[in-house]
């Protein structure tokens with residue numbers, strides 16, 4: 001499941017601002033000089049206004065503001081505020097208020113709320129102060145404030161929702177790319193992962209199943225050795241000793257069968273494909289969360305109606321005969337808005353929006369002012385948030401038809417070129433971010449869905465590989481134990497039975513069978529060692545580190561001095577494993593038996609051979625008991641000798657003339 005080129009978003013660092021913010025800022029800067037053309041300003045003022053707006057536009061388009069440090073961003077925006085204030089003082093036009101809005105949108109994009117809110121207040125103070133200085137009329141200043149309060153508020157809220165969705169979408173896309181890389185890595189490394197799981201399972205099984213079988217073999221070996229000793233001292237007790245040995249061998253066979261049964265019965269089935277994928281559920285998140293949605297449902301119409309009535313009262317006195325229908329129509333507008341918010345049926349939503357549009361047009365006709373026309377922003381807000389694109393186009397067509405009818409029926413001169421341009425910028429500033437926020441939300445839901453699918457698929461594939469690897473390793477070990485070790489134990493049991501039958505008739509033949517049984521035990525022991533070797537393969541490249549960890553100083557004596565001469569990296573894996581086991585066995589014997597205070601471990605690779613020498617300063621004769629007793633049950637050195645012989649090498653161990661104990665293993669470095 002790989003991402004297509006269309007599914008990967010453009011990194012935010014390549015654009016000065018998010019797309020919707022960039023569009024609003026650009027449109028405001030382009031519209032300001034255009035709106036001033038019909039005001040009869042001097043050419044030099046128009047040229048200066050166009051130059052200042054063009055300079056701001058170049059800065060917004062090409063300056064990577066989001067890469068600047070915080071102080072650089074503040075200075076960058078303050079410079080734009082200064083240029084805009086100069087343009088407002090030279091050529092005051094209502095659309096310059098939206099240039100200030102563009103500055104606030106940039107601040108929202110760049111800063112945290114604790115910084116952009118004071119910045120927005122400061123921008124409003126600059127705009128309001130320059131406006132008051134230019135108009136020198138408090139009533140006109142108040143009208144401008146009331147006329148811009150509602151659309152500016154709607155635009156800022158829409159931008160906040162858009163930027164929130166933009167940031168979350170980018171975060172999800174980044175996580176999705178990381179998971180995609182993890183998925184690709186898993187796909188390419190399934191073989192290594194499977195081998196690692198198999199090694200972990202080998203190690204775990206070797207600590208339980210193999211050790212259990214080894215204990216049973218050791219007891220059987222002890223019984224055979226004891227039987228031989230008793231037979232040599234008292235032939236009359238030979239039959240009893242052989243019988244006891246057969247019991248020990250039978251016990252070993254039972255343990256072997258139990259181990260094989262445990263391995264076979266412990267196999268687990270792989271999880272069914274798609275089981276986890278079916279559990280992935282789609283997100284039900286909406287553009288506006290529940291609590292903010294409830295607040296906006298009641299606050300937005302209340303704010304609009306309050307500002308509209310205040311603005312209408314400033315433009316003309318409201319008599320009693322006008323106030324009653326005005327309040328009644330305003331109440332119907334608010335009721336239709338609230339009811340539309342709480343319905344989910346598409347046709348009821350469309351009917352509610354048409355009713356709100358009609359109420360706004362009636363308010364315009366009642367007041368004979370353009371102030372109520374701002375109520376169309378409520379309709380536009382709901383269009384952008386709740387309806388699909390096709391229905392948005394139909395509703396906008398109805399709104400435009402209503403505006404055309406209004407222009408024909410009532411004072412066409414009021415709907416001037418400047419008012420039309422302001423209306424377009426306002427609609428884009430409010431509707432554009434909301435539509436883009438919806439698109440970001442849909443893309444983020446798709447990205448989250450793909451992320452959930454990828455995560456579930458990674459988990460499922462990991463579980464499948466782990467399960468199959470564990471099952472394969474358990475089956476491998478069960479086969480090896482059953483086929484090799486099982487056959488040897490069966491042969492051993494037959495030989496012991498024959499020895500028991502010959503005990504009375506031919507004691508020498510019975511002894512010979514016991515000796516052959518002991519040899520079979522040695523071969524069985526070698527088989528177990530082979531299984532244990534497979535459990536922890538040690539590569540030559542890992543040997544130096546493993547030896548260093550083995551010789552690390554401990555809390556109790558002895559002190560270990562490790563010396564390594566020559567290159568260990570190129571040693572074959574079986575040789576590296578045996579070298580590690582030799583050093584391990586020498587250190588274990590020194591700690592358990594010799595009471596040594598110093599151990600000298602030397603590993604030398606020279607002339608096609610690797611020599612391992614482990615010497616301790618323990619008491620003479622206090623070396624490992626297993627070597628003193630030969631093969632009386634302690635198989636540490638016996639197993640090490642067998643490892644060396646399998647590799648065409650040799651081992652010697654024993655006390656030194658001047659005291660202490662030495663273990664020496666010599667192995668050829670070529671694969672045998």
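Bear in mind these aren't lab numbers, they're just calculated from the coordinates by the rules spelled out. Worth saying up front: this structure is predicted, and the values here are computed from it rather than measured. Note: ideal-geometry Cβ built from the backbone for every residue, glycine included; neighbour counts use all protein chains shown.
When each of the peptides 39-50, 436-447, 106-117 is scored by how many other beta carbons lie within 10 Å of its residues on average, the order from highest to lowest is 436-447, 106-117, 39-50. I'd like the FRET efficiency for residue 559 and residue 497, computed as 1/(1 + (r/R0)^6) with the beta carbon distance as r and R0 of 35 Å, rounded to 0.05. That gives a FRET efficiency of 0.10. Full extension of the chain between residue 125 and residue 321 gives 66.7 nm of extra length, using 0.36 nm per residue less the Cα-Cα distance.
Sorting 573, 184 by the number of Cβ atoms found within 10 Å of their own Cβ, with the fewest placed first, yields 184, 573.
Rg and Dmax of the range 299-423, based on Cα coordinates, read 14.5, 43 Å.
Working from label points 7 Å from Cα in the Cα-to-Cβ sense, the residue 45 to residue 354 distance is 4.7 nm. Potential lengthening of the chain between residue 182 and residue 588 amounts to 141.9 nm, from the contour at 0.36 nm per residue minus the alpha-carbon distance.
Here r is the Cβ-Cβ distance between residue 606 and residue 171 and R0 is 56 Å; the resulting FRET efficiency, rounded to 0.05, is 0.40. Extension gain for residue 449-residue 335 works out to 37.3 nm (0.36 nm per residue, less the C-alpha to C-alpha distance).
Taken along its three principal axes, the alpha carbon spread of the range 14-136 comes to 41, 29, 21 Å, from the longest extent down to the shortest. Here the label points at residue 299 and residue 468, each 7 Å from Cα along the C-beta direction, are separated by 5.6 nm in the simple model.
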